[in-house]
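Every number in this text was worked out from the coordinates using simple rules, so none of it is lab data. Everything quoted here is computed from the prediction, not taken from an experiment. No Cβ is skipped: glycine too gets one built from the backbone with ideal geometry, and neighbour counts run over all protein chains shown.
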Amino acid sequence: MAVRIICIKKDEGINDNPYLAIDYFEWINEKINVNGVTDRAQIHDWIKEASGEAYITDADGNKTYLIPAVCPQGNKYVKTVDDETVTDRLLLLPQCDLSQETGC
C-alpha cells in the first residue's frame, strides 16, 4: 500500500533536527480514497518494517518517497533526501489543521 503525504503537523519549538519537529503526517491512499493521520514513529516503522510506501508529490505530479532514519539519540523520523545538502520538500509541506479532523 502507498500513501501520499499531504501535510505535516509540526511542533512550534526549536529543534536541532527539523524532522523531529514533525509530530504527525496527514495522508491519503488515493487508490481507495481513504485519509488518515499517523505520528512520526508509526510512519517510520510502517515504512521500515511493513514495507509501506509514503511519498510526496511536486507540482508536476512527480513522486518522491520517504525513507526511514534514526538520529544518534534513537529518535525515529522520515525524510526524502539521503543527506541535508539538498532541501527536503517534505519540510516544505503545508501545516495540517488537525482540529478539523473527525474521528481521530
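Gain on full extension, evaluated as 0.36 nm per residue between ASP82 and ILE6 minus their Cα-Cα distance, stands at 25.3 nm.
For the stretch 25-79, dividing the convex hull volume of the Cα atoms by the residue count gives 89 Å³ per residue.
What does the charge dipole of the stretch 2-83 about its Cα centre add up to, to the nearest 20 debye, if the Cβ of each Lys and Arg holds +1 and the Cβ of each Asp and Glu holds -1?
180
To the nearest 500 deg cm²/dmol, what mean residue ellipticity at 222 nm is calculated for the chain from DSSP H runs of n ≥ 4 alone, each contributing -39,500 (n - 2.57), summed and divided by the residues?
Dividing the helical sum by the residues of the chain leaves -3000 deg cm²/dmol.
For the stretch 2-83, the residue among PHE25, GLY74, GLY13 whose Cα projects farthest onto the positive side of the dipole built from Cβ charges is PHE25.
For the residue pairs LYS31/LYS76; LYS9/LYS76; LYS10/LYS31, the C-alpha atoms sit more than 22 angstrom apart in LYS31/LYS76; LYS10/LYS31. Between GLN42 and LYS63, the simple label model (points 7 Å from Cα in the Cβ direction) yields a spacing of 2.2 nm. For LYS79, a cut-off of 19 angstrom between C-alpha atoms picks up these aspartates and glutamates, skipping any fewer than 8 places away in its own chain: ASP11, GLU12, ASP16, ASP23, GLU26, ASP39, ASP45, GLU49, GLU53, ASP58, ASP88.
Size of the chain from its Cα atoms: along the principal axes, largest to smallest, the extents are 37, 29, 29 Å.
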